[in-house]
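Undergrad: Shown below is the structure under consideration.
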Amino acid sequence: MDKLIKLLHEGNYSCVIKNKEISTFTQRGITDLYDLLNTDPAFLRGAQIADKVIGKAAAVLMVLGRVQEVYTDIISEPALVLLRRANIKLDCMQVVPRIQNRDRTGWCPLETLCYEENSLEILYSIIHDFVERMRNNLSVSYTHLTLPTNSRV
């Protein structure tokens, strides 16, 4: 895990994942985890992940992807609870009540949308809708969708 953490910080990556081989990622937010879960879920299964910031949405995707171990610089309390309940090994530098938005003027919108919900299926629906709306430059709200067939709740 030390090698992943070093690579995360020295390479200024958003996320570093090891599952047989080490891969680096640079997209903002939860986009890389979301895309991996939907296009190559086996890549996440049993993986080790080093990430700079983990909010509840990222934790949901890690749980659904059946990640084995996680390191993060900053994690929100809801994300911490979710990863612990899933028995995912976790090491972090700082626990915060919620993840802040990028300009630090309030809470991360996805953290806010996911904050009160506990159902993984509904949380996935929220995340899916958020990412799709973000990609289409639409305002963000959510509808209930089903999990991809390759994921387990």
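Undergrad: Which parts of segment 46-76 would a label at residue 91 reach, counting a residue when its backbone N lies under 15 Å from a point 7 Å out along Cα-to-Cβ?
TA: Hits in segment 46-76 for residue 91 at 15 Å: 48-52, 68-74.
Undergrad: Shifting gears a bit: By the gyration tensor of its Cα atoms, with a ≥ b ≥ c the square roots of the eigenvalues, what is the shape of segment 1-58: rounded for a/c under 1.5, prolate for a/b over b/c, or oblate?
TA: Details: a/c = 1.76, a/b = 1.19, b/c = 1.48.
Note, shape of segment 1-58 comes out oblate.
Undergrad: Can you give the percent of C-alpha pairs in the chain whose distance is more than 24 Å? If you can, show how the numbers build up before the last one.
TA: On the way: 2894 of 11628 pairs.
Everything past 24 Å amounts to 25 percent.
Undergrad: Same structure again: Provide the percentage of antiparallel DSSP beta bridges, counting only those with both residues in the chain; round to the nearest 5. Mind dumping the intermediate values first?
TA: Numbers: 10 of 23 bridges.
The antiparallel fraction comes to roughly 45 percent.
Undergrad: Still on this structure, I have one more. Suppose each label sits 7 Å from its Cα in the direction of the beta carbon; what would the residue 112-residue 35 distance come out to in nanometres?
TA: Taking the two extended label points, one gets 2.7 nm.
Undergrad: How high is the relative contact order of the chain, in percent, with contacts defined as C-alpha pairs under 8 Å that are six or more residues apart? Mind dumping the intermediate values first?
TA: Numbers: 266 pairs, mean separation 26.1, N = 153.
This gives 17 percent for the chain.
Undergrad: Okay, moving on. For segment 1-71 and segment 87-118, what is the centre-to-centre distance using only Cα atoms, to the nearest Å?
TA: Their Cα centres are 16 Å away from one another.
Undergrad: To the nearest 20 debye, what is the magnitude of the charge dipole of segment 10-81 about its Cα centre, counting +1 on the Cβ of each Lys and Arg and -1 on the Cβ of each Asp and Glu?
TA: Values: 7 positive and 9 negative charges, 33 e Å.
The dipole of segment 10-81 has a size of about 160 debye.
Undergrad: At 1.4 Å probe radius, can you tell me the per residue accessible area of the chain in Å²?
TA: Details: 8300 Å² over 153 residues.
With all protein chains present, the chain gives 54 Å² per residue.
Undergrad: On a straight-distance basis, which lysines could pair with residue 56 in a cross-link, Cα separation under 18 angstrom, same-chain partners fewer than 8 positions away excluded?
TA: Those lysines meeting the cut-off are 89.
Undergrad: Just tell me the longest site-free run in the chain, where the sites are trypsin sites (Lys or Arg not before Pro) in a DSSP loop having at most 13 other beta-carbon atoms within 10 Å. Walk me through the numbers before you get to the answer.
TA: Working: sites that count: 20, 28, 45, 102, 104, 152.
The answer is 46-101.
Undergrad: Tell me the carbon and sulfur percent of the accessible area for segment 1-76, rounded to whole percent, probe radius 1.4 Å.
TA: Details: 1510 of 3200 Å².
That fraction is 47 percent.
Undergrad: Separate question: Pull up the cross-link candidates among the aspartates and glutamates for residue 3, meaning alpha carbon to alpha carbon under 13 Å and not fewer than 8 places away within one chain.
TA: Result set, ordered by chain and number: 21, 51.
Undergrad: Please identify every one of the GluC sites (Glu not before Pro) in segment 1-96 that sits in a loop by DSSP and has no more than 13 other beta carbons within 10 Å of its own beta carbon. Intermediate results must be reported in sequence, preceding the final value.
TA: Working: sites: 10, 21, 69; in loops: none.
When the GluC sites (Glu not before Pro) of segment 1-96 are filtered for loop state and at most 13 Cβ neighbours within 10 Å, nothing remains.
Undergrad: Please compute the net charge surrounding residue 76, taking Lys and Arg as +1 and Asp and Glu as -1 over other residues with Cβ under 10 Å from its Cβ. Could you put the intermediate results ahead of the total?
TA: Values: positive: 56, 98; negative: 77, 111.
So the environment of residue 76 carries a net charge of 0.
The values are calculated or read from the model by the stated rules, or taken from the named source; none is laboratory data. Predicted model only: the values in this text are computed from it and were never measured. Every residue, glycine among them, receives a Cβ derived from its backbone with ideal geometry; neighbour counts consider all protein chains shown. Heads up: the accessible areas ignore ligands, DNA and RNA and are worked out on the full protein's heavy atoms, side chains in. Shrake-Rupley method; radii C 1.70, N 1.55, O 1.52, S 1.80 Å.
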